[in-house]
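Data block below; observations after.
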């Protein structure tokens, strides 16, 4: 596919840099400051024009190998989910929930976790090239083995869609098999919930969150999107409660495996009123 030449134009800072231009942690990070993620002003041109499919393949190859570069795997998963999201507000929510810091708002100029680990994000994972070849008849790239996966790290639909409605799933009785977890809302509030260790799903967990008075979230006025280890969780995903290594959390198809007192992030969005 050829190599890529890139020109990063940050209109707010009126500065130009390259992807490799963050070998040291900038002062903005030392002051624990982060700016909102943005794509405005990010541009690059591929030496050889590539198609949408080729771009998706290039991105997939990078995200698959990224954890070998260092850093935390759950942060890499959150970064992939955020930068694959077309809705910039949702992308920002994912980054904030994972405590990712962007000193300039441009992840290609600097991207850090709360421990100070540096994550190198190539521009092609954030925006397409200006000379991208569109082919409407070409099937879009589908990630191997994930065609029917219930964990949705690359979402095509925004949580902010005005015509979206959520179907509440009844929460099963948990008196005989209680299991405690922590839900961290994007409204900066943690709530402790007791779920069933046998028959719980992500959909029924959402119902518990809506029903919890301390959440201050109502299904009539809000949407919820749940995230665990950087992966966006679909409602039909079964919850398996057991001790498990991080890398094995999604090893069983159609399920997520969690430990007691684990933290599940909940992104809260207001419904649009037409």
* Asked: Quick one: is residue 55 touching a strand residue (DSSP E or B) at 6+ places or on another chain (Cβ under 7 Å) and farther than 21 Å from residue 247 by Cα?
  -> no
* Just wondering, is there one or more residues in the stretch 244-259 that are crowded, with 17+ Cβ neighbours inside 10 Å, farther than 27 Å from residue 79 by Cβ and free of Cβ contacts under 8 Å to residues at least 40 places away in the same chain? -> no
* May I ask you to list the residues in the stretch 241-274 that are under 14 Å from residue 201 (Cα atoms) and not in a loop (DSSP other than H, G, I, E, B)? => 241, 255, 256, 257, 258, 264
* Asked: Of all residues in the stretch 156-193 being within 18 Å of residue 263 (Cβ to Cβ), surrounded by 13 or more Cβ atoms within 10 Å (Cβ to Cβ) and touching a helix residue (DSSP H, G or I) at 6+ places or on another chain (Cβ under 9 Å), which is modelled with the lowest pLDDT?
  -> 186
* Asked: So how many residues does the stretch 232-241 have that are modelled with pLDDT of 90 or more and either more than 17 Å from residue 183 (Cα to Cα) or under 18 Å from the mean Cα position of the chain (by Cα) (or both)?
  -> 3
* Asked: Could you say which residue among 16, 45 is assigned to a strand (DSSP E or B), modelled with pLDDT of 85 or more and over 24 Å from the mean Cα position of the chain (by Cα)?
  -> 45
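The values are calculated or read from the model by the stated rules, or taken from the named source; none is laboratory data. Fair warning: this is a prediction, and the values are worked out from it, not measured in the lab. FYI the Cβ positions are ideal-geometry reconstructions off the backbone, even for glycines, and counts take in every protein chain you see.
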